[in-house]
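Below: the structure, in structure tokens.
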Amino acid sequence: MASGILSVHVMISIVIPVYNEAENISELYSRITSAAEKWGDDYEVVVVDDGSSDSSLQQLEMIHRKAPRWKVLSFSRNFGHQAAVSAGIFYSRGDVVALMDADLQDPPEELPRFLDKWREGYHVVYAIRTKRKEGLLKRACYKLFYRLLRRLASIDIPVDAGDFCVLDRSVVEVLKAMPERTRFVRGLRSWAGFRQVGVTYERAPRHAGAPKYTFSKLVRLAVTGMLLFSSVPLKVSAWGGLCLCALSMLSILGMAGWALLDIRIFGMRPRDATGWTSIVSLIMLMSGLQLMALGVIGQYLARIFDEVLGRRPWIIA
Ligand code: UDP
Ligand code: MG
């Protein structure tokens, strides 16, 4: 609808990834249903069950039976949040698509504010979290990640914006056409361009249950985000390597000169067998740096490998 015509009947798709959210589903259903009464627009809810092992899927099937506008996709196993969101986007049919979490951290009551912006002609309206309810350490990590990503990324990825957003159909079509399998939705969304705007909101605490993003999943997401949208880590390792090589050339020349002149510096000559400590520590430092550089390259290689294999990013059971 970003064309600016105020048509009355729009269809809203709400995409929700679900992974073991049994305690939240009935609340999610009633909150969305009561919020939707106020929108007055037609809507569908596309729930993607990301291989839950609790009763989430059964509950969702029951909801679908009484409210057919709730559609359920069920993955054959846990493919991860980003794959679930991507699949939801892929199968949604609305003129505008909203992405939100199943744990009610993204309140459905906030959606009208987003839709207003969309009606003003913005193609992407993303949420900026003003307050987080997580622990201090987690908050600090998030802060650091978003600022680092902003610094390093080759595109303009907004700070503190998660996946909670509203996307115009034109952007949805761009996302659908993107061939990559490793998906970092908020990065792709920024990459797509169009008219984008942020809306601030207070991120609510999780309604019930434990976070489904484990620490390792979060780290993986952060690393993927960095690697897919920035080649700075590769450049850093290359330049770091170059500088160290230059430095060691200088030091080799210096050492050789010193050995030839055979003079005492600080009461020491190269021909005495001293210096073992410094040599060993230098070797360790250098091999550490080399391994680090190799690791960075390996990370990129792994992403390339994934893309070359061309496996499907999700499987619907
Ligand atoms: N989620 C998912 N697959 C996963 C992990 C999480 O679909 O492997 C869903 C989860 O059910 C929730 C959303 O992604 O709807 C966000 O997860 P979570 O609340 O754990 O993340 P956080 O809010 O801590 O970032
Ligand atoms: Mg959450």
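The values are calculated or read from the model by the stated rules, or taken from the named source; none is laboratory data. Bear in mind that the values here come from a model prediction, so they are computed numbers and not experimental data. Cβ placement follows ideal geometry from the backbone for every residue including glycine, while neighbour counts extend to all protein chains displayed. Note: areas computed on protein heavy atoms with side chains; ligands, DNA, RNA excluded. Shrake-Rupley method; radii C 1.70, N 1.55, O 1.52, S 1.80 Å.
List of remarks:
- Protein heavy-atom surface of the chain, 1.4 angstrom probe: 65% of the accessible area is carbon and sulfur, with nucleic acids and ligands not counted.
- Cα-Cα pairs of the stretch 72-217 separated by more than 28 Å (percent): 16 percent
- Rounded tilt (10° steps) of 56-66 against the dominant C-alpha axis of the chain: 30 degrees
- Members of LYS38/LYS66; LYS117/LYS176; LYS71/LYS143 lying beyond 25 Å, as alpha-carbon distances in this model show: LYS71/LYS143
- For the chain, the longest principal axis of the C-alpha atoms and the axis of helix 25-39 are separated by about 60°.
- Peptide packing for 302-309, 74-81 was compared via the average number of neighbouring C-beta atoms within 10 Å per residue; ordered from the highest value, the list is 74-81, 302-309.
- Relative to the longest principal axis of the Cα atoms of the chain, helix 276-309 runs at roughly 30 degrees.
- Sum of -39500 (n - 2.57) over DSSP H runs of 4+, divided by residues of the chain (222 nm, nearest 500): -16500 deg cm²/dmol
- The orientation-averaged projection of the convex hull spanning the C-alpha atoms of the chain amounts to 21.0 square nanometres.
- Note that the stretch 98-210 presents 44 Å² accessible area per residue, ligands and nucleic acids not counted, probe 1.4 Å.
- Short-range pairs are left out: with C-alpha atoms under 8 Å and at least six residues apart, the relative contact order of the chain is 21 percent.
- Percent of beta bridges antiparallel (DSSP, the stretch 11-226, rounded to nearest 5): 25 percent
- Calculated SAXS-style log₁₀ I(q)/I(0) at q = 0.23 Å⁻¹ - the stretch 90-137, Debye, Cα scatterers: -0.99
- A Cβ-based charge dipole, computed about the Cα centre of the stretch 151-270 with Lys and Arg at +1 and Asp and Glu at -1, lands at about 320 debye.
- Between CYS141 and ALA210, the FRET efficiency estimated from the beta carbon spacing at R0 = 22 angstrom works out to 0.80.
- Residue separation of VAL197 and LEU253 scaled by 0.36 nm, minus their Cα-Cα distance, works out to 14.5 nm of gained length.
- When the inverse distances between all different Cα atoms of the stretch 28-139 are averaged and flipped, the Kirkwood radius reads 15.6 angstrom.
- Here LYS138 is the anchor, and the lysines within straight C-alpha reach of less than 27 Å, apart from those fewer than 8 places off in the same chain, are LYS212, LYS217.
- C-alpha center-to-center spacing [the stretch 56-132, the stretch 203-272] in angstrom: 40 Å
- On a per residue basis, the convex hull of the C-alpha atoms belonging to the stretch 232-309 measures out at 101 Å³.
- ALA246/GLU173 FRET efficiency (R0 51 Å; Cβ-Cβ; nearest 0.05): 0.55
- Working note: Cα atoms of the stretch 151-198, range along each principal axis, descending, whole Å: 27, 22, 17.
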